[in-house]
1. Which condition number does Val63 fail, the rest of (1) out of contact with any His (no Cβ under 9 Å at 6 or more places or on another chain); (2) without any contact (Cβ under 8 Å) to a residue 40 or more places away in the chain; (3) within 19 Å of Leu117 (Cβ to Cβ); (4) among the β-branched types (Val, Ile, Thr) being met?
2. Any chance region 46-68 includes a residue that's hydroxyl-bearing (Ser, Thr, Tyr), within 16 Å of Ile110 (Cα to Cα) and more than 11 Å from the chain's Cα centre (by Cα)?
3. Within region 25-43, does at least one residue satisfy the condition of being within 17 Å of Thr97 (Cα to Cα) and touching a Pro at 6+ places or on another chain (Cβ under 9 Å)?
4. Considering each of Ala73, Ala60, Ala104 in turn, give the residue that is at pLDDT below 95 and either under 16 Å from Leu23 (Cβ atoms) or hydrophobic (A, V, I, L, M, F, W, C) (or both).
5. Give the residues of region 6-37 that are without any contact (Cβ under 8 Å) to a residue 12 or more places away in the chain and assigned to a helix (DSSP H, G or I), sorted by residue number.
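The values are calculated or read from the model by the stated rules, or taken from the named source; none is laboratory data. Just so you know, these numbers come straight off a predicted model, no measurement behind them. Cβ coordinates were reconstructed from backbone atoms using ideal geometry, including for glycine residues, and neighbour counts include every protein chain displayed.
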Amino acid sequence: MEVLRNYIKATNTHKFDEVRKMLHPNATYFFTDQNCTTHEEIQAYFENAWTVVKNENYEAHDVKWLYTESHSATCIYTYFYEGYINGKYTSGRGRATNVFIKEADEWLLIHEHLSPLPK
C-alpha cells in the first residue's frame, strides 16, 4: 500500500513535521528501549535517532500486509537502517509492525512496534 511508502519517505526527510502529518492523534510507538505515547515523545525519539545516526536511511523489506480493509491496514516487515555514528558507517535490521487507520479519507499511522530480530 502506498501509505507505507509515504511513511518511509516522510521518515527519511529527517523532518518530524513530515512524519507528524502521517500520525494519528493517538499514535503509540513501542521501541525496544522505550514506549512513546504522545507526539512530543515520538518527536524526541525520532530527533534523537537522527542526531545519533547521521544521514540515516530507513527502509522496509519483505513487507507483508496482514489485514487491509477500507479503514484499517496492518503490515509487518523487516526494517533496515544505515547511516553514520561518530563518522563510522553502521547498519542494522529488526522487525516492525505498523497499524494504519483511515479517517476523513486520510491514512494515518496509529501504532508502530519495532523490535530486534530473533536470535
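1. Condition (2) is where Val63 drops out.
2. yes
3. Within region 25-43 (the criterion being within 17 Å of Thr97 (Cα to Cα) and touching a Pro at 6+ places or on another chain (Cβ under 9 Å)), the answer is yes, since at least one residue qualifies.
4. Ala104
5. Across region 6-37, the qualifying residues are Lys9, Asp17, Glu18.
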